[in-house]
Amino acid sequence: MEQVVIAGAGPAGLTAALYTARFKLYPLVLAGPIPGGQLIVSEIVENYPGFPEPISGMELMNRFRKQAERFGTRFLTETASRVTKQSETFLIDTGRETIETKTVIIATGGEARRLPIPTEPAFYGRGVSGCATCDGAFFREKDVLVVGGGNTAMQDAVFLTRFARSVTIVHRRDYLRATSIEVEKAKNNPKIRWLIPWTVEEITGDTVVTGAVLKHAESGETQHVPCHGIFVAIGHDPKTDAFKELVEIDENGFINVEAGSTRTSTPGVFACGDVIDPAYKQAAVAVGHGCMAAIDVEHFLQRGR
């Protein structure tokens, strides 16, 4: 019988592991086949507090893990495929075994939707990004594309004008899903250009992005647009499928938690990081959530509620 099982090994999950380990709860982390969360695709992280020199996302997550291990955290390279409640405990099915635990912390994170083109994976983290606030500063005085037509795309485009020489919004439809106020902000920015309705057909470059081949959605015409970065803003999907029978989830797939806490609709189950965060998607925010979840778990086990 485990005291606490943490599903996920990104910033939120590893912080929860560190704190619960220091509470002597001997946490078990289901880290999955590729631990570290979305941060590991970032070659350089320079906005995480306490690191004045740039560090790779992979190295930062390795340090998180070593610190959690130092206090006794255990890891399995498994993922939770289904979690059910049985009496006062929980059964976690990994596909290979069933783990019983008194509490669960869900920290499985989210995943930025990717461009459905064969050349995209080779350039992810090498000019292609799913997070403007994470990577925008690397594109000072460079030309970038923002792909998408929703509020996130408009906000990312405006944000990127702080750094980039030019920002071009590429959207596949001849209308935008963004609210009028966000569209107006983008249209009033002299650094922003528009390519609508166009789609990204191919990303060009050698080791880093140097451009993109775009196709007109109506005429079929193609053009090559030189650029140094492509920011994909077509949405994020929280990884919550394994928990849909266990906790209350909103219409967008995010787990609902009580205001000011990480408690879910099911006593004994807590959630932190990107699975509860449709807005910020920052490592520093996830770390705070992970700390909260650990404290909430410790209080639950102490008080039985």
Would the stretch 226-249 turn up any residue that is of a type in the set (Lys, Arg), touching an Asp or Glu at 6+ places or on another chain (Cβ under 9 Å) and more than 30 Å from Ile92 (Cα to Cα)? no
Ala9 surrounded by 19 or more Cβ atoms within 10 Å (Cβ to Cβ) and assigned to a loop (DSSP other than H, G, I, E, B): yes
Consider only pairs whose beta carbons are under 6 Å apart and that are at least six residues apart or on different chains; among these, list those whose first residue lies in the stretch 22-41 and is within 25 Å of Thr98 (Cβ to Cβ) and whose second residue is of a type in the set (Gly, Ala, Ser) and outside any loop (DSSP other than H, G, I, E, B). Pro27/Ala17; Pro27/Ala21; Val29/Ala17; Leu30/Ala7
Check off (1) surrounded by 14 or more Cβ atoms within 10 Å (Cβ to Cβ); (2) modelled with pLDDT of 95 or more; (3) more than 20 Å from Asp296 (Cα to Cα) for Thr101 and give me the number that stays unchecked. (3)
Of Ile192, Ile203, Ile196, Ile169, which residue is of a type in the set (A, V, I, L, M), surrounded by fewer than 18 Cβ atoms within 10 Å (Cβ to Cβ) and either closer than 24 Å to Tyr124 by Cα or outside the structural domain of Thr152 (by TED's automatic domain parsing) (or both)? Ile196
Filter pass, Val275 being at pLDDT 95 or above, crowded, with 21+ Cβ neighbours inside 10 Å, of a type outside the set (Asp, Glu) and touching a Lys or Arg at 6+ places or on another chain (Cβ under 8 Å): yes
In the stretch 40-84, anything assigned to a helix (DSSP H, G or I), buried (at least 22 other Cβ atoms within 10 Å of the Cβ) and either touching a strand residue (DSSP E or B) at 6+ places or on another chain (Cβ under 8 Å) or at pLDDT below 95 (or both) is listed as Gly57, Ala68
Which residues, counting only those in the stretch 123-158, are in contact (Cβ under 8 Å) with a residue 40 or more places away in the chain, part of a helix (DSSP H, G or I) and surrounded by fewer than 17 Cβ atoms within 10 Å (Cβ to Cβ)? Thr133, Ala137
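The values are calculated or read from the model by the stated rules, or taken from the named source; none is laboratory data. Computed from a predicted model, the values in this text were never measured in an experiment. Counting neighbours? That spans all protein chains shown, and the Cβs are built from the backbone with ideal geometry, glycine included.
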